[in-house]
1. Could you say which residue among Ser84, Ser56 is at negative phi and hydroxyl-bearing (Ser, Thr, Tyr)?
2. Keeping to the range 92-106, report how many residues are open to solvent by 60 Å² or more (accessible area, probe 1.4 Å) and modelled with pLDDT of 95 or more.
3. Tell me whether the range 2-13 contains one or more residues that are of a type in the set (S, T, N, Q), part of a loop (DSSP other than H, G, I, E, B), surrounded by fewer than 21 Cβ atoms within 10 Å (Cβ to Cβ) and at pLDDT 90 or above.
4. Output the residue which, of all residues in the range 24-57 that are of a type in the set (A, V, I, L, M, F, W, C) and modelled with pLDDT of 95 or more, is most open to solvent (accessible area, probe 1.4 Å).
5. Just the residues that are in a loop (DSSP other than H, G, I, E, B) and open to solvent by less than 20 Å² (accessible area, probe 1.4 Å), please, taken from the range 78-91.
6. For the range 60-77, check the following and say yes or no: at least one residue is in a strand (DSSP E or B), open to solvent by less than 70 Å² (accessible area, probe 1.4 Å) and under 20 Å from Gln1 (Cα atoms).
7. I'd like the full set of residues that are more than 20 Å from Lys86 (Cα to Cα) and in a loop (DSSP other than H, G, I, E, B), limited to the range 14-57.
Amino acid sequence: QVQLVESGGGSVQAGGSLRLSCAASGYSTSNYYMGWFRQAPGKEREGVAFGKSAGSTIYADSVKGRFTISQDNANNTLYLQMNSLKPDDTAMYYCAARTLWWYLHQLPPATTFNYWGQGTAVTVSA
């Protein structure tokens with residue numbers, strides 16, 4: 001069974017950068033479709049960045065050009081590089097994995113993901 005542990009969250013000023021890591025254990029990350037979600041207090045959980053579906057990674061419109069998802073299958077680790085952070089990026093960030101691949105170039109629903117990390121908090125101040 002896959003276990004996911006996030007790290008790298010913290011507090012940063014607007015315009016700064018953070019890199020989140022998600023260490024997976026139990027199964028090889030190459031056998032799962034993985035991505036990142038976030039949820040701010042009082043807001044719905046939203047998809048942020050996901051692995052390739054049709055030759056390209058998938059990003060929410062709000063983070064395109066600022067966030068980059070990558071995966072190191074040799075070390076079973078997923079990353080989210082976050083640059084040019086904004087106060088609206090403040091949220092709890094979760095990595096997640098699906099047992100089935102995602103084939104559409106659109107944000108996959110959170111309800112279709114089988115495994116979740118505990119979350120890592122990101123706070124961006126103005």
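The values are calculated or read from the model by the stated rules, or taken from the named source; none is laboratory data. These numbers come from a predicted model, not from an experiment. Note: ideal-geometry Cβ built from the backbone for every residue, glycine included; neighbour counts use all protein chains shown. Keep in mind that these areas ignore ligands, DNA and RNA; they rest on the heavy atoms of the full protein, side chains included. Shrake-Rupley method; radii C 1.70, N 1.55, O 1.52, S 1.80 Å.
1. Being at negative phi and hydroxyl-bearing (Ser, Thr, Tyr) holds for just one of Ser84, Ser56, which is Ser56.
2. Residues flagged as open to solvent by 60 Å² or more (accessible area, probe 1.4 Å) and modelled with pLDDT of 95 or more within the range 92-106 amount to 1.
3. Taking every residue of the range 2-13 in turn, none turns out to be of a type in the set (S, T, N, Q), part of a loop (DSSP other than H, G, I, E, B), surrounded by fewer than 21 Cβ atoms within 10 Å (Cβ to Cβ) and at pLDDT 90 or above.
4. Taking the candidates together, the pick is Ala40.
5. Listed by number, the list holds a single entry, Leu85.
6. yes
7. Correct list: Gly26, Tyr27, Ser28, Tyr32, Gly51, Lys52, Ser53, Ala54, Gly55, Ser56, Thr57.
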